[in-house]
Amino acid sequence: MPMDDLDTDFFLMANLRPKTTGLPMVVWVSERGNARHDVRVKVALQHGDRIDPSHTAVFGVRPTPGLISGYLSAADQRVVSDWIKLNEAAIVEYWDGVIDTSELLGRLKRV
């Protein structure tokens, strides 16, 4: 998936590896920055610790988690949705700038 400047400021994003999330792949959560959209989570297309921001799927967080762009298997979509639901409050507070990255890491729960 090509990156665009409007919603991909990776310096504002926290990359979270499987050992932190319990997911099979890396995910990124971000602060709002200059985004014109609501809260999103980027998800690596491949399993493992490999970080390749140019190969991601995008999940919306609210009102319910859902795939916005990219492709993930049904099983991966389910587990990512479950992780987002479990951590929605922390993800939204990080997006809104209420908590910083260290607070986010302390609040995240593994699936």
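Read-outs: derived from the displayed coordinates by stated rules, not from any lab. The shown structure was predicted, so the numbers you read here are calculated from the model rather than taken from an experiment. No Cβ is skipped: glycine too gets one built from the backbone with ideal geometry, and neighbour counts run over all protein chains shown.
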Which of the chymotrypsin sites (Phe, Trp or Tyr not before Pro) found in the range 54-108 are loop residues per DSSP with 12 or fewer other Cβ atoms within 10 Å of their Cβ? Tyr71
The list (1) 6.0; (2) 9.6; (3) 7.2 gives values of mean projected area of the Cα convex hull in nm², and only one came from this structure; which label was calculated from it? (1)
Quote to one decimal, in nm, the extra length available between Lys109 and Ala89 on full extension: 0.36 nm per residue of separation minus the C-alpha distance between them. 6.1 nm
Return, ordered by residue number, the residues of the range 68-85 whose backbone nitrogen is under 16 Å from a label point located 7 Å along Cα→Cβ of Arg50. 71-73
Given 11 as the ceiling on other Cβ atoms within 10 Å, longest exposed-site-free region of the chain for trypsin sites (Lys or Arg not before Pro) in DSSP loops: 37-108
Quick one: what are the phi-derived ³J(HN,Hα) couplings along the range 85-95, Karplus 6.51/-1.76/1.60 with θ = phi - 60°, whole Hz, x for glycine and proline? 4, 5, 10, 4, 4, 5, 4, 5, 5, 5, 4
Quick one: Ile91, Ile68, Ile51, fewest Cβ neighbours within 10 Å first, how do they rank? Ile68, Ile51, Ile91
